[in-house]
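What follows is a set of notes on a single structure, which appears directly below.
The values are calculated or read from the model by the stated rules, or taken from the named source; none is laboratory data. Just so it is clear, the model here is predicted, and its values are computed rather than measured. Methodologically, a virtual Cβ is constructed for each residue, glycine included, from the backbone with ideal geometry; neighbour enumeration extends over all protein chains shown.
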Amino acid sequence: MAITGIKGFNDILPGEVEKWQYIEATARRVFELYGLSEIRIPILEKTELFSRSIGDATDIVEKEMYSFVDKGENRVTMRPEGTASVMRSYIEHKLYAQDPVARLYYMGPMFRYERPQKGRYRQFHQIGAELTGVTDPTVDAQVLTMLSHFFAELGLDEPSLEINSLGCPECRPVYRESLKNFLLTRMELLCEDCVRRYETNPLRALDCKAAGCKEATKGAPAMLDNLCQGCSDHFEKTKSYLDAVGTKYRINERMVRGLDYYTRTTFEMVTSLLGAQSAVAAGGRYDGLISELGGPQIPGIGFAIGVERVALLLAEKDFARRPDLFIAAMGEVAHGRAFQLMTALQRLGSSVEIDYEGKSLKSQLRRADKFKARYTLIIGEDELSKGTAPLKNMDGGTQEEVALEAEAILKAVKG
């Protein structure tokens, strides 16, 4: 019996992986324009890191983490998200001693045990960014602008930016009690999860997708109407900076985050193209997280992008690689010369394919079409004796004679 992969852990095959590489390369290019540097974090962390940062009452910690006891009797967890790991590294290596303002980005797999569905898997991949050390709302606006810039560079008209504020430790507890009092009269409409979270995380009812919870929260008090003056001013300034640079957004008063560490500005990039899984990126400000994890009182803001979901949005685009040249060779001597030219051109930075099996010219040209090679070069006895061969532009249909030298072929292929 053949061994198959684990459910929710997917292979990314040639033909699809080129799309992922494009997404990752675009993120690197855009984020580094904004002064960010890459950080690489381990997959395995102490379980305490996530229970302290994410919150014991969240679905991630309660139901979804891949946690186990290792051979050293340590409780460890495969990372379910990246922010806590980046902040752990920031604290452990005292990056704040060099400069409290850190601009970091990461990419890689995360792990959560949940029901696999379109765009959501048990091993999934995120690209994230974290900026620390500044409370000024210009940073919020810059992060949101950078995120919008990333999607624009991918050539996507969707998703669109939605923003909200979750307040701070001063005003959120008051709002939380107000919301609990509102929900208390509608408990029979809430789903099982929201009833369970009523005491520990009642805000999650606001963005629950269950029909009863949507009905129960109609007319619920909004966090934006209960912000303290500091949070209200921060949100208004964030909006004014977004307006000043032309970053489009809309306010979503029902948006909350599933992680406990978020404060003030929260946001999502949402689309209508993926059904229920509408968010392709999300994040917010976390001004208390670093101190909660044992570091100094330094603010931060960040986001994570779901790579699988972004790849779905790019489904119609063709990212398959095209070789620059296919060399069709007729005869053993010509085949040897084709191999020499291929190797020389590859060393000069050109992608080249040849036939390895001595097939007919017709079969070789069919293979060139399958590769979608930009150019085709045909070599036989006559071409070897002349020292030149016909080079055909497969896109334009034109043809020219070129010398059978790597430099001459490269010049013709690369223009």
Report summary line: Those residues of segment 136-163 which are of a type in the set (S, T, N, Q) and at pLDDT 95 or above amount to 138, 142, 145, 148
Query - Options 207, 287: the member that is within 19 Å of residue 143 (Cα to Cα) and among the acidic types (Asp, Glu) - result: 287
Query - Search result, residues across segment 316-352 that are within 23 Å of residue 25 (Cβ to Cβ) and part of a strand (DSSP E or B) - result: 352
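Residues checked against (1) outside any helix (DSSP H, G or I); (2) of a type in the set (A, V, I, L, M, F, W, C):
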{"site": "156", "(1), (2)": "yes, yes"}
{"site": "168", "(1), (2)": "yes, yes"}
{"site": "183", "(1), (2)": "no, yes"}
{"site": "194", "(1), (2)": "no, yes"}
{"site": "198", "(1), (2)": "yes, no"}
{"site": "209", "(1), (2)": "yes, no"}
Report task. Please find, within segment 217-245, the residue that is farthest from the chain's Cα centre (by Cα) out of those that are exposed (fewer than 15 other Cβ atoms within 10 Å of the Cβ) and within 18 Å of residue 136 (Cβ to Cβ). Result -> 229
Requested in this report: Could you identify the single residue in 180, 248, 214 that is surrounded by fewer than 18 Cβ atoms within 10 Å (Cβ to Cβ), in the same structural domain as residue 27 (by TED's automatic domain parsing) and farther than 24 Å from residue 291 by Cα?
Outcome: 248
**Report entry** Residues satisfying the stated conditions in segment 353-363, i.e. among the small types (Gly, Ala, Ser) and in a loop (DSSP other than H, G, I, E, B)
**Finding:** 358, 360
Requested in this report: Give me a count of the residues in segment 104-147 that are buried (at least 19 other Cβ atoms within 10 Å of the Cβ) and assigned to a strand (DSSP E or B).
Outcome: 15
Query raised in the report: Looking only at residues in segment 370-409 that are closer than 19 Å to residue 335 by Cα and under 38 Å from the mean Cα position of the chain (by Cα), which one is surrounded by the fewest Cβ atoms within 10 Å (Cβ to Cβ)?
Result: 371
Query raised in the report: Would you say residue 150 is buried (at least 17 other Cβ atoms within 10 Å of the Cβ) and over 29 Å from residue 246 (Cβ atoms)?
Result: no
